[in-house]
Amino acid sequence: MPLFEEGYQAIQERLHKKEISVSDLVDEAYEKIAAYDCQIGAFLTLNEEDARAVAKTLDEEGYSEEAALFGLPIGIKDNIVTKGLKTTCASRLLENFIPLYDATVISKIKEQKGIIIGKLNMDEFAMGSSNENSGFHVTRNPWDLERVPGGSSGGSAAAVAAGMVPFALGSDTGGSIRQPAAFCGVVGMKPTYGRVSRFGLVAFASSLDQIGPITRTVADNAYLLQAIAGVDPYDSTSADVDVPDYTSALTGDVKGLKIAVPKEYLGEGVDEGVRRAVQNALAQLEALGAAWEEVSLPHSKYAVATYYLLASSEASANLARFDGVRYGVRQEADNLMDMYKKTRSAGFGAEVKRRIMLGTFALSSGYYDAYYKKAQKVRTLIKRDFENVLEKYDVIIGPTTPTPAFKIGEKIDDPLTMYANDILTIPVNLAGVPAISVPCGLSDGLPVGLQIIGKPFDEATVYRVAFAYEQAANWNLTPDLKGVSG
Amino acid sequence: MVARITKEQVEHVADLARLAFTDEEIAVFTKDLGDIIAFAEQLNELDTDGIEETTHVLNIANVMRPDEVRESISREEALLNAPDKRDGQVRVPNILEG
């Protein structure tokens, strides 16, 4: 079995006993990347020289329990800034950008002696559900190279699924961790808004963005979140709420647990194979002693429209900073205004422009109340739906996505069809609550994700349920990469 | 169906957003934005009178910190990524006519 499939505990135990070295782990990462990434396209930038140097130093120092991430190879979505290592957000506009500082999550990984393997592909500025909006190349799904890996953290999910790294960080604004995790058959957690510092995450929609881990297993996921969570003086929206020991929640015990299943999440538009996989998962949790009931989140159908108005509005403001003055690829012009316009028009891709346009329109004089303010009010109704249900139940469960991974090119020409794919993940961001996607089997040979949604700051219960299910179901989904070569 | 957004509006919004488009692109955006806005208008089915807006999910009030001098990046570092610079400053094209 490849080392990466063994999980953090076994890997670190072997490091401790000197059965393996950190350099062996780094070798495995770059060997897998060399073997598969020409086809899959998960990485944008490799950190090979630095990673090998850090590995050598760690091997000389020897294993330390104090450093929680000691020797663990981690891939980073390319919208999280890494000092001295190119960070592009998969945008042509930033193709030469070298950050001057580390994001807080990166500082934490380095302090705890994790190894940064490289930067992962994504939809440009995290806008998209398929990785087709990358300014550089499309990432392919390791389960079927004709299909998308999901997005926007598609590179992160594909790299973990293909065994190139055992751990990755993604970001989730409307499903961008959970949807690719579901499509690639791995575990992806969007923590509660404020749980993880956003300092150094290039902002898309600041009231919705959250960084989270993508891993092979629930235990690995909980372990990585533990290492990156917590309040941060550099992010005033990070929450000063104690971070419990997530790994102690991984007991396998869900007796007496109350599960809500929203009827809106298994209704029209949900693929039959997905519905069956989720129903089987619920039956399995029932067999473990949990009880589930059908509930309603009545404003679910308004979530996609609400999200696109709010996220695009925030994006139009956040992306104003990309003007070619202080950084980025500038297009020369005779005057400043033309320089701005030429730089932005040449640097941004079609979807980013579409959202900047929508957001600028929704915030413009005469339309602000009708669109932006209205959407903020509907957001309140959606948030209340979750509050009402989570008052009576421990978790909410449904599918992560209505369908398994779709084909490359299938939805790219129709923005509204593409947006609809996020219908089950978007409400969670609007409400700010935590949610995980954990594999719950295959439909026509493609992975299906089970979404478990929890109360604010109760990631522990989400992990408890996800772990109990994962252990009982024992899927161990691994794509067959025999046909994929460098 | 009544056009929800006109070509002229799209041009105006593009100007506000500091984006330049060809005529063809303007035509595409006029359709795309019209479709998205039409879709968004389903929110009007909901009565939101008296509902407060959610700007932020956490009930965070002002977050204060002591006003202390801390380590910061140097001018030299700040200019590392600048496409055009001179004498320790960022250089841009003319901002005034004449």
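Pairs linking a residue in segment A:160-173 that is within 16 Å of residue A:482 (Cβ to Cβ) and at pLDDT below 95 to a residue that is part of a helix (DSSP H, G or I) and β-branched (Val, Ile, Thr), with Cβ atoms under 7 Å and 6 or more positions apart or on different chains, do not occur.
One line per residue, one yes/no per condition, for (1) outside any loop (DSSP other than H, G, I, E, B); (2) more than 30 Å from residue A:196 (Cβ to Cβ):
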residue: B:4; (1), (2): no, yes
residue: B:12; (1), (2): yes, yes
residue: B:28; (1), (2): yes, yes
residue: B:48; (1), (2): no, yes
residue: B:60; (1), (2): no, no
residue: B:63; (1), (2): no, no
residue: B:81; (1), (2): no, no
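Restricting segment A:439-486 to residues that are more than 16 Å from residue A:141 (Cβ to Cβ), open to solvent by 10 Å² or more (accessible area, probe 1.4 Å) and of a type in the set (A, V, I, L, M) leaves a set whose member that is farthest from the chain's Cα centre (by Cα) is A:472. The single condition among (1) within 14 Å of chain B (Cβ to nearest Cβ); (2) within 23 Å of the chain's Cα centre (by Cα); (3) surrounded by fewer than 20 Cβ atoms within 10 Å (Cβ to Cβ) that residue A:88 does not meet is (3).
Does residue A:201 count as modelled with pLDDT under 95 and of a type outside the set (Ser, Thr, Tyr)? No, not satisfied.
What residue, among those in segment A:344-364 that are within 15 Å of residue A:203 (Cβ to Cβ) and among the aliphatic types (A, V, I, L, M), is nearest to the other protein chains (Cβ to nearest Cβ)? Ranking the candidates gives A:356 first.
One residue stands out among those in segment B:18-60 that are among the small types (Gly, Ala, Ser) and more than 7 Å from chain A (Cβ to nearest Cβ): the one that is least open to solvent (accessible area, probe 1.4 Å), which is B:34. Apart from one condition, residue A:319 fits all of (1) more than 8 Å from chain B (Cβ to nearest Cβ); (2) open to solvent by 20 Å² or more (accessible area, probe 1.4 Å); the exception is (2).
Checked against the criterion of being in contact with a Phe, Trp or Tyr (Cβ under 8 Å, 6 or more places away or on another chain) and assigned to a strand (DSSP E or B), the candidates A:304, A:261 yield just one match: A:261. Can you tell me which residue within segment A:332-360, out of those that are polar (S, T, N, Q) and within 26 Å of residue A:131 (Cβ to Cβ), is surrounded by the fewest Cβ atoms within 10 Å (Cβ to Cβ)? If we take residues in segment A:332-360 being polar (S, T, N, Q) and within 26 Å of residue A:131 (Cβ to Cβ), then A:345 is surrounded by the fewest Cβ atoms within 10 Å (Cβ to Cβ). Where residues in segment A:223-250 are over 19 Å from residue A:455 (Cα atoms) and surrounded by 13 or more Cβ atoms within 10 Å (Cβ to Cβ), which of them is farthest from the other protein chains (Cβ to nearest Cβ)? My answer is A:223.
Could you tell me whether segment A:134-141 includes any residue that is open to solvent by less than 10 Å² (accessible area, probe 1.4 Å) and basic (Lys, Arg)? No, segment A:134-141 has no match at all. Among the residues of segment A:407-438, those that are buried (at least 24 other Cβ atoms within 10 Å of the Cβ) and part of a strand (DSSP E or B) comprise A:435, A:436, A:437, A:438. Figure legend. Inter-residue proximity from segment A:93-121: first residues within 14 Å of chain B (Cβ to nearest Cβ), second residues surrounded by fewer than 23 Cβ atoms within 10 Å (Cβ to Cβ) and assigned to a strand (DSSP E or B), beta-carbon distance below 7 Å, spacing 6+ or different chains. No pairs are indicated.
When segment A:322-338 is filtered for residues that are more than 8 Å from chain B (Cβ to nearest Cβ) and free of Cβ contacts under 8 Å to residues at least 40 places away in the same chain, only A:331 remains. Considering each residue of segment A:2-24 in turn, at least one proves to be modelled with pLDDT under 95, more than 30 Å from residue A:345 (Cα to Cα) and not in a helix (DSSP H, G or I). Selection of first residues in segment A:262-287 that are over 10 Å from residue A:402 (Cβ atoms) and of second residues that are among the acidic types (Asp, Glu) and not in a loop (DSSP other than H, G, I, E, B), restricted to Cβ pairs under 8 Å at least 6 apart or on distinct chains, gives the following pairs, ordered by first then second residue: A:262/A:294; A:263/A:294.
Conditions (1) farther than 25 Å from residue B:40 by Cβ; (2) of a type in the set (Gly, Ala, Ser); (3) open to solvent by 50 Å² or more (accessible area, probe 1.4 Å), marked per residue:
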{"residue": "A:264", "(1), (2), (3)": "no, no, yes"}
{"residue": "A:274", "(1), (2), (3)": "yes, no, no"}
{"residue": "A:295", "(1), (2), (3)": "yes, no, no"}
{"residue": "A:299", "(1), (2), (3)": "no, no, no"}
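Only one of the numbered conditions (1) assigned to a loop (DSSP other than H, G, I, E, B); (2) touching a residue at least 12 places away in the same chain (Cβ under 8 Å); (3) closer than 30 Å to residue A:377 by Cβ is violated by residue A:240, and that is (2). Scanning segment A:361-403 for residues that are assigned to a loop (DSSP other than H, G, I, E, B) and open to solvent by 20 Å² or more (accessible area, probe 1.4 Å) yields A:365, A:366, A:367, A:393, A:394, A:403. One residue is enough: does segment A:162-178 have a residue meeting the conditions open to solvent by less than 10 Å² (accessible area, probe 1.4 Å), hydroxyl-bearing (Ser, Thr, Tyr) and touching a Pro at 6+ places or on another chain (Cβ under 8 Å)? No, segment A:162-178 has no match at all.
The single residue among A:30, A:63, A:36 that is among the aromatic types (Phe, Trp, Tyr), more than 30 Å from residue A:324 (Cβ to Cβ) and over 23 Å from the mean Cα position of the chain (by Cα) turns out to be A:63.
Per-residue answers, yes or no, for (1) more than 11 Å from chain B (Cβ to nearest Cβ); (2) without any contact (Cβ under 8 Å) to a residue 60 or more places away in the chain:
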| site | (1), (2) |
| --- | --- |
| A:377 | no, yes |
| A:386 | no, no |
| A:389 | yes, no |
| A:393 | yes, no |
| A:396 | yes, no |
| A:411 | yes, no |
| A:414 | no, yes |
| A:421 | yes, no |
| A:426 | yes, no |
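Among the numbered conditions (1) more than 7 Å from chain B (Cβ to nearest Cβ); (2) free of Cβ contacts under 8 Å to residues at least 12 places away in the same chain, the only one that residue A:341 does not meet is (1).
Of the residues examined, residue A:312 is not one that is touching a Leu at 6+ places or on another chain (Cβ under 8 Å), in a helix (DSSP H, G or I) and either farther than 30 Å from residue A:458 by Cα or more than 10 Å from chain B (Cβ to nearest Cβ) (or both).
The values are calculated or read from the model by the stated rules, or taken from the named source; none is laboratory data. Predicted model only: the values in this text are computed from it and were never measured. Quick reminder, even Gly has a Cβ in these numbers, built from the backbone with ideal geometry, and neighbours come from all protein chains shown. For accessibility, only protein heavy atoms count, side chains too; no ligands or nucleic acids. Shrake-Rupley method; radii C 1.70, N 1.55, O 1.52, S 1.80 Å.
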